[in-house]
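Take a look at the structure set out below.
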Amino acid sequence: MHWDHVIKNGIIVDGKESYQANIYIKNEKISAISRDELEGEAGEVTDAAGKYVLPGLIDVHVHSRDGENGATYKEDFYHSTMSAAAGGLTTVFEMPNSNPAIYNAEMLEKQIKHLTPKAHVDFAIWGLCLGKLNMHELQALSEAGVIAFKFFWGYAIDSKTYQLIYNYSPGMENAIPPLGDGEIYQMFAEIAKTGKLVGIHAENFDLIQTLTREVEKSGDKSYAAFLKGRPNVAEETIIQTAISFAKQTGARLHILHLAAKEGIDIIKRAQEEGYPVSAETCSHYLALCDEDFDRVGPVMKVYPPVRRREDQEMLWSGLKEGVLSLVSSDHAPHTEEEKAGDLWSIPAGMASIETLAPLMIDAVSQGRITIHELAAVLSEKPAKLFGIYPEKGSLKVGTDADITIVDLQVKHTVKKENLHSKSKVTPFDGFQLTGAPVQTIVRGKTIMKDGEIVSGPVGKFIKPLE
Ligand code: DOR
Ligand code: ZN
């Protein structure tokens, strides 16, 4: 027998099991898993002795800025997926608020063609919900293969380009104001028919605008004041409403980037009642809190904001308990220059795709989560939730040979200049971590080894399985 790639002696982590065995790969699939040596020669042999072999890690929330008119001076898909591979990820889900935005089947087809030649890892694409502007296109967009639908609750959009408007004020030219509840409700009902998830950005912008103006009048420019303008209740109210709408319409609801502790209890209650409500948090909400601001500075500005220690603790327990299904990066890069100003005027978001897995692996080394929980929240659960399991998210024979090899012992320091993304804006510069992804394998092919990118783009577009 000729194997394309054999991974020897690693500790295989799949579901609740872990055991030492060899993985045999042929034609991009896992062909056999065996404790014994199987006969035959191999194109590539990886010795994984003493290391953990995980199903390829997945990041469901990435803004690579790419597209025909994309803000590629900030980032592009070539760099974001290189950064993903360097950080141990084998699949990423690209957000649809690109330029052009992904709001119908035709735009999706164009974006697939545009991104594929640059993809170092496999990728899926979200579809954008614009209320009555594209409600009638959602079914076709679903059939064309979007992984799920995204709705930016409370955002106004540009009437020509459908780009999000971050500094909206009523009466603004060329702006479509934030959707009202009636339109959102109807849209949820339409999405429900597709059977796909609707992921929401849950922040109450009316509340935020009012409170931020109040804080600005006071002249207080501190991080505490910033949080007063964007308080927990701004997330809480939208999550409540979204859950009510989802219960009535049957939409499968996913709360993106949860930062506020109040979200945990509300989401948990809906889950206990049996509704299909899921949620994620991001690595920055788990690794940072307001106390870090003095040291890290405005680069940690992100929406929703990094909140207090009690929020951070609650998110960790929500993750342990399973209320939160997964952790994403919300990779949202801006340039060094754009992020250099003061907290109140700079854009929100950071380059976080490459540090997602290392931070979570460090959490395993620190004993916060187990290696099985790591594989669950970064691979198995996202794959199941979005309908790509077991092809992705498992190490089962016959499925895609997407594999992340993890060394739990290696100590390293995050250095921003070493990141592979175009933007090096990270709040984690100088973080000392224990444990790292040491090899990224996409459908049998090694893309990253010991931190080096060793392959060009081989990534493919993926759709939810039927
Ligand atoms: O901080 C953020 N930045 N939050 C978002 O939801 C959008 C993102 C961006 O695209 O810059
Ligand atoms: Zn985002």
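The values are calculated or read from the model by the stated rules, or taken from the named source; none is laboratory data. Here the structure is a predicted model, which is why all the values come from computation and not from measurement. Every residue, glycine among them, receives a Cβ derived from its backbone with ideal geometry; neighbour counts consider all protein chains shown. Only protein heavy atoms, including side chains, enter the accessible area calculation; ligands, DNA and RNA are left aside. Shrake-Rupley method; radii C 1.70, N 1.55, O 1.52, S 1.80 Å.
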With the stretch 11-62 reduced to its Cα atoms and the Debye formula applied, log10 I(q)/I(0) at q = 0.31 1/Å amounts to -1.44
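Quick one: pull the percent of accessible area on the stretch 317-376 belonging to carbon and sulfur, 1.4 Å probe, ligands and nucleic acids left out.
On the way: 880 of 1740 Å².
So the carbon and sulfur contribution to the accessible surface is 51 percent.
Can you tell me the dipole magnitude for the stretch 160-291 around its Cα centre, using point charges on the Cβ only (Lys, Arg +1; Asp, Glu -1), in Debye to the nearest 20? Before the final figure, lay out each step's value.
On the way: 13 positive and 18 negative charges, 57 e Å.
Roughly 280 debye, rounded to the nearest 20.
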Whole-Hz Karplus couplings 3J(HN,Hα) for the stretch 234-240, θ = phi - 60° and coefficients 6.51, -1.76, 1.60, Gly and Pro as x, run 5, 7, 4, 5, 6, 4, 4
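As a test of reading the structure, rank 213, 230 by solvent-accessible area (1.4 Å probe, protein chains only), most first. If you can, show how the numbers build up before the last one.
Numbers: 213 125, 230 15 Å².
From most exposed to least exposed: 213, 230.
Probe radius 1.4 Å, ligands and nucleic acids ignored: give me the carbon and sulfur share of the accessible area of the stretch 252-315 as a rounded percent. Intermediate values should be presented prior to the final figure.
Working: 970 of 2230 Å².
Its accessible area is 44 percent carbon and sulfur atoms.
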To the nearest Å², the heavy-atom accessible area per residue of the stretch 313-466 with 1.4 Å probe amounts to 36
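May I ask you to rank 168, 24 by accessible area, largest first, using a 1.4 Å probe over the protein chains only? Spell out each step's value before the answer.
Values: 168 40, 24 5 Å².
Ranked list, largest accessible area first: 168, 24.
Please report, to one decimal in angstroms, the Kirkwood hydrodynamic radius of the chain built from all distinct Cα-Cα pairs.
Averaging 1/r across every pair of different Cα atoms and inverting gives 22.3 Å.
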Note to self: with every protein chain in place and a 1.4 Å probe, the stretch 1-149 gives an accessible area per residue in Å² of 36
Taking Cα atoms only, helix 356-365 is inclined relative to the longest principal axis of the chain by an angle, in degrees rounded to 10, of 70
Given unit charges at Cβ for Lys, Arg (+) and Asp, Glu (-), the dipole magnitude of the stretch 319-399 about its Cα centre in debye, nearest 20, is 540
So the carbon and sulfur contribution to the accessible area of the stretch 5-81, 1.4 Å probe, in percent, is 40
From the cross-link list 193/381; 16/460; 74/415; 16/396; 110/160, the entries with a Cα-Cα span beyond 25 Å are 16/460
Rounded to the nearest 5, the percent of DSSP beta bridges in the chain running antiparallel is 50
The Cα extents of the stretch 34-88 along the principal axes, largest first and rounded to whole Å, are 52, 21, 15
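If you rank 203, 262, 466, 291 by how much accessible surface each has, with a 1.4 Å probe, what is the order from largest down?
Solvent-accessible surface, decreasing: 466, 291, 262, 203.
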Under a 1.4 Å probe, counting only protein heavy atoms, residue 68 has an accessible area in Å², nearest 10, of 140
Calc'd 3J(HN,Hα), the stretch 15-30, phi into Karplus 6.51 cos²θ - 1.76 cosθ + 1.60 (θ = phi - 60°), Hz, glycine/Pro = x, comes to x, 8, 9, 9, 7, 7, 6, 9, 10, 10, 10, 9, 6, 6, 10, 6
Where a ≥ b ≥ c are root eigenvalues of the Cα gyration tensor, a/c under 1.5 meaning rounded, otherwise prolate if a/b exceeds b/c and oblate otherwise, the stretch 27-143 counts as prolate
